[in-house]
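Read the structure below first, then the notes.
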Amino acid sequence: MSNDENYIKGRGAQINPANPYHKVIYDKNPFPDADDERKIATQFINVQAKTIINKVKSPDIPGAYSMNPYQGCEHGCVYCYARNTHPYWGYSAGLDFEQKILVKHDAPKLLRKRLQSKNWVVSPIMFSGNTDCYQPAEKKFELTRKMLEVLWEFRHPVSMITKNSLILRDLDILKKMAAHDLVHVSVTLTTLNEDLRSRLEPRTATAAQRLKTIETLAAEGIPVNVMMAPIIPGLNDHEILKMAETVANSAQALLHIQWYD
């Protein structure tokens, strides 16, 4: 696929399938012109969110609440289950998911309002869960950092999931929260093979960067575990033991290791 002249470098999805909720298909050609950067450049779209904390009702997902300052994810992971949420916003689960990023600028204010509510009962909130809160957009908008500041102000517990080394930017806040047992971080590690990573997760941190991130978080006293997911037969299943060994050696056995089929 990567040798195809129409292959779009830096993107996971190579097509833009029709939104199943649209009766009219506006683009009859689902294959964009790979030479036209305007058609594949990332777009940031401002949205007016009414709330930011989401009640998790799925029985197979631990945790009561989640929150996502962004919808869509420029990481472009080809396997991402969150792709199927983008059609609810009127877009495609294909290229649109990683190209059209919805930005909730009011997220910090909405979080503060919810935590101030007399009806709010303190319970750990999962940061992300749908799209990565440290995706490239965060470097520009800093919504995740602003929300962490609100959480620290309220001394509110939170868990975080990411595959981006940008989380190290916020070590100052994370260290303070960790000292009060208020934060837990999960870093996803899918493969140690960079060629495979660049195809599965084109705009994520490299495996080496993630290992360094894990090591740094652990050294700074921030609870961190490694999520080895997804495990894909024929692609990365043979790496399970090697990844576990590498992570354990990198962080000097300070980590809990989890992997999922």
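Values quoted throughout were computed directly from the atomic coordinates according to the rules given, and no laboratory measurement underlies them. The model shown is predicted, which means the values in this text are computed figures rather than measured ones. Please note: Cβ atoms are built from the backbone with ideal geometry, for glycine as well, and neighbour counts cover all protein chains shown.
List of remarks:
- Positive-end extreme of charge dipole, segment 79-124 - chosen from Leu102, Thr85, Ser123 (charges on Cβ): Ser123
- When each of the peptides 47-59, 92-104 is scored by how many other beta carbons lie within 10 Å of its residues on average, the order from highest to lowest is 92-104, 47-59.
- Segment 103-261, dipole about Cα centre (Lys/Arg Cβ +1, Asp/Glu Cβ -1), debye to the nearest 20: 800 debye
- The packing ranking, built from the mean of other Cβ atoms within 10 Å per residue, places the peptides 234-245, 188-199 in the order 188-199, 234-245, highest first.
- Ranked by the mean number of other Cβ atoms within 10 Å of their residues, highest first, the peptides 66-75, 205-214 fall in the order 66-75, 205-214.
- Ratio of Rg to Rh over segment 37-116 (Cα coordinates, Kirkwood Rh, two decimals): 1.01
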